[in-house]
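Where a number appears in this text, it was derived from the coordinates with a stated rule and is not lab data. As the structure is a computational prediction, the values presented were derived from the model and not from experiment. Cβ: placed from backbone, ideal geometry, glycine included. Neighbour counts: every protein chain shown.
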């Protein structure tokens, strides 16, 4: 699937309050703007973006970000190392 679709809709990416807490905990972030953190990773030219089923999977710097393909909600993010 064409990652340009995700990149063209980068401004639609968001998450829930629970998503913010989950992502902060999983990635050990001390920023409150986890959406901006995730967007910056997705926009990085080294980010590997794939669509499988209903989700986009974005991998960079030992992090996998899962984004719902229809709502552009960041579901979760995990370290992969």
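General remarks:
- In nm, spacing of pseudo-spin labels at residue 11 and residue 30 (7 Å Cα→C-beta vector): 3.3 nm
- Percentage of interatomic Cα-Cα distances in the range 3-79 larger than 20 Å: 19 percent
- Label-to-label distance, residue 21 versus residue 45, with points set 7 angstrom from Cα along the beta-carbon direction: 4.0 nm.
- Value of relative contact order over the chain, rounded to a whole percent, pairs C-alpha under 8 Å and six or more apart: 30 percent
- In the chain, the DSSP-assigned H stretches of four residues or longer account for a calculated mean residue ellipticity at 222 nm of -9500 deg cm²/dmol, using -39500 (n - 2.57) per stretch and the full residue count as denominator.
- Per-residue Cβ neighbour counts within 10 Å put 16, 76 in the sequence 16, 76, beginning with the fewest.
- In this simple spin-label approximation, residue 76 and residue 57 carry label points 7 Å from Cα along the Cα→Cβ vector, and these lie 1.3 nm apart.
- Nearest 10 degrees, 0 to 90: helix 34-43 Cα axis against the chain principal axis: 40 degrees
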